[in-house]
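The structure under discussion appears below in the form of structure tokens.
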Amino acid sequence: MDLEQLKFPIGKFVKPDRISSAHRDSWMEDIASFPSRLEASIKGLSDVQWNTTYRPGGWTIRQVIHHCADSHMNSLIRFKLTLTEDEPTIKPYFEERWAELPDSLIMPIEPSLKLLEGIHERWTMLLKNLREQDFSRTFIHPEHGKKIRLDENIGIYAWHGNHHLAHIELAKKKV
């Protein structure tokens, strides 16, 4: 596997030309099931595996799990801002720097698993109760200067969870 395949084992997110309700439903199911799929993927890992990276220069399994909690927490906030404000500009963060903080490097993963469970339960409830017009609401991502629709962001985060589950599977194969 080359470095690009190791970095993006399921490929990069590709937005469909037209996002259908079937796309949204499938993506929402991926978001809803992410915590249980994550827990299943890490069951029985050894101490060595927690600190194994999925690629040279990549994060450890521990860092990936803490990153998912950080990222998905930010995403839920972005959804709520977008639903309650007119085209908000969201606050980006340096995910690479967050992954180097002590809570990501050495802390056990249980607190992040609890966070993910709660975040995804709330997020799923919110998503399943959106009105059709809510899916077209947008936020501005200042890093890209781009407007992102909520329906697209649902797909991005369904992909994000699956992307990191694939990273965990790659890391598990190394040990």
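Counting lysine pairs in the range 24-174 whose alpha carbons fall under 28 angstrom apart, excluding pairs fewer than 8 residues apart on the same chain, gives 19. Helix 61-84 and the longest principal axis of the C-alpha atoms of the chain enclose an angle of approximately 10°. Ratio of Rg to Rh for the range 55-94: 1.15 [Cα atoms; Kirkwood radius as inverse mean 1/r over pairs]. Rounded to the nearest 10 degrees, the inclination of helix 21-42 to the longest alpha-carbon principal axis of the chain is 20 degrees. Taken one residue at a time, the phi angles of the range 108-125 give Karplus couplings (6.51, -1.76, 1.60, θ = phi - 60°) of x, 7, 4, x, 6, 5, 5, 4, 4, 4, x, 4, 5, 5, 5, 4, 4, 4 Hz. Gly and Pro are set to x. Applying both filters, DSSP loop and at most 11 other Cβ atoms within 10 Å, to the trypsin sites (Lys or Arg not before Pro) of the range 1-51 gives 12, 18, 43.
With respect to the chain, whose longest principal axis is taken over its alpha-carbon atoms, helix 150-174 is tilted by about 10°.
Read-outs throughout are calculated quantities, based only on the coordinates presented, and are distinct from any laboratory measurement. Because the structure is predicted, anything quoted here is derived from the model rather than measured. Here the Cβ is made from the backbone with ideal geometry for all residues, glycine too, and neighbour counts use every protein chain on show.
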